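Student: If you scroll down you'll find the structure; I have some questions about it.
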Amino acid sequence: MNKKVVVIGGGIAGMESSAHLAALGYEVTLLEKTDKLGGHLLNWEKLFPTMRMGKEVVTFLNEGVEKGKVNVIYNAEILNTKEIMNGFSITLNNNIVLESDAILVTTGYDLFDASKKEEYGFGIYDNVITSAELEEKFMKGEKITTSDGKIPKRIGFVHCVGSRDEKVGNTYCSKVCCVTAVKQSIEIKEHLPETDVYCFYMDLRMYGMHFEALYRESQEKWGVNFVRGRLSEACENMDGSILVKVEDTLAGKPMKMSVDLLVLMVGFEPSLGTKKVGKILNLQFGVNRFFKTQDQHTLTNVSNVKGIFFAGSCTGPKTITNTITDARAAASTIANYLSGHDIHNRIMTSDIKATV
Amino acid sequence: MIFDPFVLPFTIGLLILFFIVFYKFGGWIRKFSSEDKSNLKKALFSKNLFVACKEIFYESLLHRKIFRVNPKLGYMHMSLAFGWFLLIVVGNIETRIHSGREINGPFYPIFFKFFEHNRSTIPFSNFFVFLMDLLLLFVMTGVVLAIFKRFYSKFFGMKSTTKLKIGDKFALYSLWFIFPLRYLAESLSSAVYNTGGFFTGTTGDILGSFLPAADIYYYFWWAYSLALGVFFVSLPFSRYMHIPTEVVLIFIRNAGVVASKQYNTLSEIEVNACPRCGICIDKCQLNTSLDNKKIQPAYFLRDVRFNQVKEEIATDCMLCGRCEEYCPVGIKLNNIRVAKRKDFAVDYIDNYKYLPPDEVAKADVIYFAGCMTHLTPSIKHSMTKILDTAKVSYWFMDEDGSVCCGRPLMMNGKDKMAAELIENNKRKILASGAKIFVTSCPICLKVFGEEYNLGIRVMHHSQYLLQLVKENKLKLNLTDNNIVYHDPCELGRGAGIYEEPRELIKRFNNLVSNEFEKENALCCGGSLGNTKMSHDQRNIIAKDVVLQLTSDNPDILATACPLCKKSFTYKSSVKVMDIAEIVANSISQTEPEKIISRKEALMNA
Amino acid sequence: MIEFGYNIAKDRQIDFDKNDKRISTYVRENEPSFKTCISCGTCTATCSAANFTDFNFRKLQLMVRRGETLEVKEEIKKCMLCGKCYLACPRGVNTRNVIIQINQAIEKIENHDI
Ligand code: SF4
Ligand code: SF4
Ligand code: SF4
Ligand code: SF4
Ligand code: SF4
């Protein structure tokens, strides 16, 4: 009989790892809390750095799931799990009980709730929106306008909202928002060539292949402006435009600037699902509240519980490319484990090596 | 003459004690201003003296305030102080009745049972023997508790007990010995002369059955006298100085001498009146959340007393006032703390010449958001919405950025710098002709109310909003939200405003009560009073507080201070809102007339 | 000597080796969070004083770190100690204590204590 794997979370990581596990010959069940596969990817029109359509990637992932005959359970919620002989028994809502030899957790991330960063005015001023809301407009083909329907003359992008911020309790970098801001700036310019775009950043983290090229393109071809300084606060002007307060640190002076629309680049936070599933499965969380992998270099997919593995951004912010790679790595780690390779003993030896 | 050499340690100790204590008191009295001195003189011959005596009885002997905070600790203090006091009084009566003399040697009543063996000559002798034994037993229970507390303070519900200095050690250990030695001395004497009652007599019988009581009892009287002598001599150098000092303090306060912002004679007396009971340590969140047991008044006042205050101790305090609220001696702890910070503060003059010329608008009401409120714009946004709705004629004084109220500087001992800011703001406020000054920041509130001398009403927005509601200028919708309200330190303990915010909430929502409310409210950890705490430490405090406040799963955690809101927002899964937001959100949407917002009005003009 | 009001030679570069780093050292020791500033400028942007004058707390800190301390004493007096900068700082720098410690360092240097 084939060994069974249950994958929790039908986003990019869950889909791609399911496809690979199925291809390796396991009987795979994929649990998704909504009625659609694809996760956050469903909400993004174009992807950095190539500007290809997000739905093309969704199609690719779907094909893998279908070809592998993965058993997808939609609207699934895990009520509890038990450890049984060499595996797990998982009880879902609607009383389905699943048995599995290994579990892969791919519960992903949520976006930071920008209304908590009150000083940026989201939820208070109409013309402050989040990067996700802007993307939704792109997705739906809506016109980019201010709240009263005017074409914005100037748009500001605020980097690091809810990331790299001790005050909100998220000290990590979310990795994707710098380049997303660049991507969205370019799209704004495509839609509204007359509109000026300003990005307010602390550091521009263009580490991925072609990110730097996109950054350069945004300046060269589209005339996007970059201001090195982190916003302290935003207020509303009489006409509803937004007055941002920032220091232009390179000029060495505080600066006030009015923008007609302010876009907050919201960062990653561990998803609600990550928190819930982690509690049910007794998984360890790291300092940043994402799941803790057993080793930062060598055991990136391995959890503290034997037989449970991680993939995707439930262990920390990742780009789509990174997530897909990570999903495949998790599939192969699980294959190792299920064929009797003692992955936990490897933890022991690598620990010893590290201390020697 | 009734005398024995063993009374000498006691007698000499007592004389030294009297000498030092009167020397100290004399010094203090001399240092008072002439006004205070005349107050004191007047009080000596007025009913104030009677009031003071009553308070001395309640606080110095019965320790009523300690009782209220911690009954076990209260009993311990009371049995020692009141019990000992009664022993002395009853002992004196007994000896007077017996000797027929008004004046006896000071040692005579104390060692009465050594000198007097023939009870039959004393009127009511059985009654006295019984009473004295009962009182001794009473005091002994206190001693046992005190010893117990030193080693096991948790029994008293206290997480900590104070650390000792050398003078304290002498005094403390001799105090521990005084009554057990008296007990043994009297019991052994009783074994020989049968002078004891139910307590010392019985014990004497038992001891006498296996000890050569007649040979040894004399040495116990020596030991008892020595313990007393050591205690008396070390008293002025130990925390027990609080015993005489507290009496004087109560009298001085009743005479109308009030604390000032400077460290003065009254502060010095207060410092000496602290018995280091440790209540402040237990109430302090730096201890309970951060395990910092260095900075609390029990220690800080000791450092002040011995002139060894360190900057990091003086400044590492949130000035939250929890200790002051519960201090049984009623010491103005925040005053002393801030006054001592001045020793370290670098205070300049002429710093803010850059402030622009005043731009003043005429209005009935001034709204001053405060520096911090600019970082919680939903509060100022709500306030302008409310003021517009209620059609108040107001001037948003710091709409384009505040000139700080001066309080943060004052909290750090920089009075001169603060004075400059105060001067600047005051000029503008008075020029506007407003009758009411409303602020959203409790930290500002205090300084505007107490230091500015504006001569107009200074209100926190929670008070003002309640007034608007009462005057029917605001119509609010009922909600079924369960709201727990957090009292900001500066608004509650600082300004005594507990009821207005509650009434405001109660009128339209369900107010949920919490153990940590009103006087017992916790500090959010955001305090401007502390410049030492790290961000992580503040987070721990905020987290602990949120946990306490949201224990009943309310729908909203309400507060009335921008700083509290900021501290809680990222720590709470329950929505955190300022009281102004709650009011703004429930403004009745069915207002017949369209509200013309200030914004529109200005745009039209 | 003729005063031109500015000195070209002095300002051209930071002579880090020669500069006086005592204030920096003192503040680092007494307020360790001083070390974690990333010069993001939030403090300057929000600063109550900077709203009215050319006070720049971020730059001030940077200058202290580089030992360019000549103007620090006069500059720092402009701060109102209001604490907005602390509330906004993404690195949790204890800004108000940085200011207090700089004050004290200057005083100690003047008194030849450090
Ligand atoms: S990727 Fe850029 S915007 Fe996002 S958290 Fe990192 S530095 Fe900030
Ligand atoms: S300051 Fe007050 S509460 Fe603290 S030890 Fe002294 S008397 Fe007790
Ligand atoms: S004021 Fe608050 S922080 Fe300071 S010692 Fe008292 S209880 Fe502790
Ligand atoms: S806000 Fe903090 S990190 Fe940013 S420049 Fe100021 S002190 Fe440095
Ligand atoms: S504390 Fe000083 S530096 Fe910080 S914001 Fe206020 S005025 Fe500016």
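No lab work stands behind these numbers, since they all come straight from the coordinates. A quick note: this is a predicted structure, and the numbers were derived from the prediction, not measured. In this analysis, Cβ positions are derived from the backbone assuming ideal geometry, glycine residues included, and neighbour counts consider all displayed protein chains.
Student: Per 0.36 nm of contour for each residue apart, how much would the distance between A:Lys36 and A:Trp222 grow if the chain were fully extended, relative to their Cα-Cα spacing?
Tutor: Values: separation 186, 0.36 × 186 = 66.96 nm, distance 3.59 nm.
Stretched fully, the A:Lys36-A:Trp222 segment lengthens by 63.4 nm.
Student: Between rounded, prolate and oblate, where does the range B:259-341 land on the alpha carbon gyration tensor, with a ≥ b ≥ c its root eigenvalues, rounded for a/c under 1.5, else prolate if a/b exceeds b/c?
Tutor: Values: a/c = 1.58, a/b = 1.32, b/c = 1.20.
Here the range B:259-341 falls in the prolate category.
Student: When the Cα centres of the range A:113-191 and the range B:358-394 are compared, how far apart do they sit, in Å?
Tutor: 28
Student: Can you tell me how the range C:22-110 classifies by the Cα gyration tensor, rounded, prolate or oblate, using a/c under 1.5 as the rounded cut?
Tutor: Oblate is the answer for the range C:22-110, as a/c is 1.5 or above yet b/c matches or exceeds a/b.
Student: In terms of the ratio Rg/(2.2 N^0.38 Å) built on C-alpha atoms, what value belongs to the range B:482-585? Walk me through the numbers before you get to the answer.
Tutor: Values: Rg = 12.7 Å, N = 104, 2.2 N^0.38 = 12.8 Å.
Against the compact-globule rule of thumb, the ratio is 0.99.
Student: Quote the FRET efficiency, to the nearest 0.05, computed for B:Glu359 versus B:Gln308 with a Förster distance R0 of 45 Å and r equal to the Cβ-Cβ distance.
Tutor: The pair B:Glu359/B:Gln308 has a calculated efficiency of 0.35.
Student: Per the Debye formula with a single identical scatterer at each Cα and no solvent contribution, what log10 I(q)/I(0) holds for the range A:19-105 at q = 0.11 Å⁻¹?
Tutor: Taking Cα atoms of the range A:19-105 as identical point scatterers yields -0.39.
Student: While we're looking at this one, here's another question. Grab the range B:447-555 and count how many Lys pairs have their alpha-carbon atoms under 22 Å apart, sequence gap of 8 or more, or different chains.
Tutor: Details: B:Lys470/B:Lys506; B:Lys473/B:Lys506; B:Lys475/B:Lys506; B:Lys506/B:Lys518; B:Lys518/B:Lys543; B:Lys532/B:Lys543.
For the range B:447-555, qualifying lysine pairs total 6.
Student: At most 12 other C-beta atoms within 10 Å and a DSSP loop state: those are the exposed chymotrypsin sites (Phe, Trp or Tyr not before Pro) I care about. Give me the longest piece of chain C that has none.
Tutor: Between the exposed loop sites, the longest stretch runs C:17-114.
Student: Report the chymotrypsin sites (Phe, Trp or Tyr not before Pro) located in the range A:183-285 that are in a DSSP loop and have at most 13 other Cβ atoms inside 10 Å of their Cβ, or state none. Let's see the in-between values first.
Tutor: On the way: sites: A:Tyr198, A:Phe200, A:Tyr201, A:Tyr207, A:Phe211, A:Tyr215, A:Trp222, A:Phe226, A:Phe268, A:Phe285; in loops: A:Tyr207, A:Trp222.
Sparse-neighbourhood loop chymotrypsin sites (Phe, Trp or Tyr not before Pro): A:Tyr207.
Student: What is the local net charge at B:Gly321, summed over the other residues whose Cβ is closer than 13 Å to its Cβ (Lys, Arg +1; Asp, Glu -1)?
Tutor: +2
Student: Grab the beta carbon distance between C:Asp54 and B:Phe516, set R0 = 51 Å, and tell me the FRET efficiency rounded to 0.05. Can you show the working numbers first?
Tutor: Numbers: r = 45 Å, r/R0 = 0.88.
According to the calculation, E is roughly 0.70.
Student: Cα-based Rg (one decimal) and Dmax (whole number) for the range B:289-404, in Å?
Tutor: Here Rg and the maximum Cα pair distance are 20.6, 58 Å.
Student: With a point put 7 Å past each Cα toward its Cβ, work out how far B:Arg68 is from A:Glu83 in nm, to one decimal.
Tutor: Reported label-point gap for B:Arg68 and A:Glu83 is 5.6 nm.
Student: Convex hull over the alpha-carbon atoms of chain B: what's its volume per residue in Å³? Intermediate values should be presented prior to the final figure.
Tutor: On the way: hull volume 112.6 nm³, N = 605.
Cα convex hull per residue, to the nearest whole number: 186 Å³.
Student: Going 7 Å from the Cα of B:Glu471 toward and past its Cβ, which residues in the range B:345-385 have a backbone nitrogen under 15 Å from where you end up?
Tutor: Answer for this model: B:363-367.
Student: Same structure again: Full-extension gain between A:Asn62 and A:Asn345, please, as 0.36 nm times their residue separation minus the C-alpha to C-alpha distance. Mind showing how you got there, number by number?
Tutor: On the way: separation 283, 0.36 × 283 = 101.88 nm, distance 3.53 nm.
Between A:Asn62 and A:Asn345, full extension yields 98.4 nm more.
Student: For the range A:114-268, just say rounded, prolate or oblate: build the C-alpha gyration tensor, square-root its eigenvalues into a ≥ b ≥ c, call rounded for a/c under 1.5, and beyond that prolate if a/b exceeds b/c, oblate if not.
Tutor: Numbers: a/c = 1.28, a/b = 1.03, b/c = 1.24.
It comes out rounded by the Cα gyration axes.
Student: Cα centroids of the range C:20-68 and the range B:174-208: how far apart, whole angstrom?
Tutor: Distance between centres, Cα-based: 71 Å.
Student: Continuing with this model, one more query. Across chain C, where is the longest run that never hits GluC sites (Glu not before Pro) in a DSSP loop with at most 11 other C-beta atoms within 10 Å? The partial results should precede the final answer.
Tutor: Working: sites that count: C:Glu3, C:Glu71.
Counting at most 11 other Cβ atoms within 10 Å as exposed, the longest clean stretch of chain C is C:4-70.
Student: Then there is this: Starting from the range B:496-598, pick out the trypsin sites (Lys or Arg not before Pro) whose DSSP state is loop and whose Cβ has at most 13 other Cβ atoms within 10 Å.
Tutor: Values: sites: B:Arg502, B:Lys506, B:Arg507, B:Lys518, B:Lys532, B:Arg538, B:Lys543, B:Lys565, B:Lys566, B:Lys571, B:Lys575, B:Lys594, B:Arg598; in loops: B:Lys532, B:Lys571, B:Lys594.
Here the sparse-neighbourhood loop sites are B:Lys594.
Student: Looking at the range A:187-293, which trypsin sites (Lys or Arg not before Pro) are DSSP coil and have at most 10 other C-beta atoms within 10 Å of their C-beta?
Tutor: On the way: sites: A:Lys189, A:Arg205, A:Arg216, A:Lys221, A:Arg228, A:Arg230, A:Lys245, A:Lys256, A:Lys275, A:Lys276, A:Lys279, A:Arg289, A:Lys292; in loops: A:Arg205, A:Lys221, A:Arg230, A:Arg289, A:Lys292.
Answer by residue number: A:Lys221.
Student: Taking the Cα-to-Cβ direction at B:Phe210 and at A:Asp148 and moving 7 Å from each Cα, how far apart do the two end points lie in nm?
Tutor: 9.9
Student: For chain A, state the average projected area of the convex hull of the C-alpha atoms over all orientations, rounded to one decimal in nm².
Tutor: Details: hull surface 79.0 nm².
For chain A, averaging the hull's shadow over all directions gives 19.7 nm².
Student: I've got another one for you. Helix A:54-67 sits at what angle to the longest principal axis of chain A, using alpha carbons and giving 0 to 90 degrees rounded to 10?
Tutor: The two axes meet at around 10 degrees.
Student: Output the 0 to 90 degree angle, nearest 10, between the alpha-carbon long axis of helix A:131-140 and the longest principal axis computed from the alpha carbons of chain A.
Tutor: 90
Student: Could you give the distance between the Cα centres of the range C:94-114 and the range A:195-212, to the whole Å?
Tutor: Between the Cα centre of the range C:94-114 and that of the range A:195-212, the gap is 38 Å.
Student: I need C:Lys18, A:Lys306, B:Lys165, A:Lys4 ordered by Cβ neighbour count within 10 Å, fewest first. Show your work: numbers first, answer last.
Tutor: Details: C:Lys18 8, A:Lys306 13, B:Lys165 16, A:Lys4 20.
Result, fewest neighbours first: C:Lys18, A:Lys306, B:Lys165, A:Lys4.
Student: Note down the nm distance, to one decimal, between modelled labels 7 Å out along Cα→Cβ at A:Lys140 and at B:Phe45.
Tutor: 8.8
Student: Arrange the following residues from fewest to most other Cβ atoms within 10 Å of their Cβ: A:His20, A:His191.
Tutor: On the way: A:His20 23, A:His191 14.
By the 10 Å Cβ count, ascending, the order reads A:His191, A:His20.
Student: Let me have the relative contact order for chain B, percent, based on Cα pairs under 8 Å that are six or more residues apart. All intermediate terms of the calculation are to be shown ahead of the outcome.
Tutor: On the way: 919 pairs, mean separation 71.1, N = 605.
It comes to 12 percent, rounded to a whole number.
Student: When the helices in the protein assembly as shown are scored as -39500 (n - 2.57) per DSSP H run of 4 or longer and the sum is shared across all residues, what 222 nm value do you end up with, to the nearest 500 deg cm²/dmol?
Tutor: On the way: 44 runs with 492 residues, N = 1075.
That comes out to -14000 deg cm²/dmol.
Student: Another one. Quote the FRET efficiency, to the nearest 0.05, computed for B:Thr141 versus B:Asn453 with a Förster distance R0 of 51 Å and r equal to the Cβ-Cβ distance. Present the calculation step by step, with values, prior to reporting the outcome.
Tutor: Working: r = 53 Å, r/R0 = 1.04.
Plugging the Cβ-Cβ distance into 1/(1 + (r/R0)^6) gives 0.45.
Student: What angle do you read, to the nearest 10 degrees and between 0 and 90, between the alpha-carbon axis of helix A:272-281 and the longest principal axis of chain A?
Tutor: Helix A:272-281 sits at roughly 20 degrees to that axis.
Student: In addition: Among DSSP beta bridges lying fully in the protein assembly as shown, give the percent that are antiparallel, nearest 5. Write down the numbers at each step before the final one.
Tutor: Numbers: 30 of 84 bridges.
Expressed as a percentage, antiparallel bridges in the protein assembly as shown total about 35.
Student: Please return the longest range in chain B lying between exposed loop sites, taking GluC sites (Glu not before Pro), DSSP loop only, at most 11 other beta-carbon atoms within 10 Å, and leaving the sites out. Don't skip to the answer; put the middle values down first.
Tutor: Numbers: sites that count: B:Glu102, B:Glu359, B:Glu471, B:Glu515, B:Glu593.
Value returned for the longest uninterrupted segment is B:103-358.
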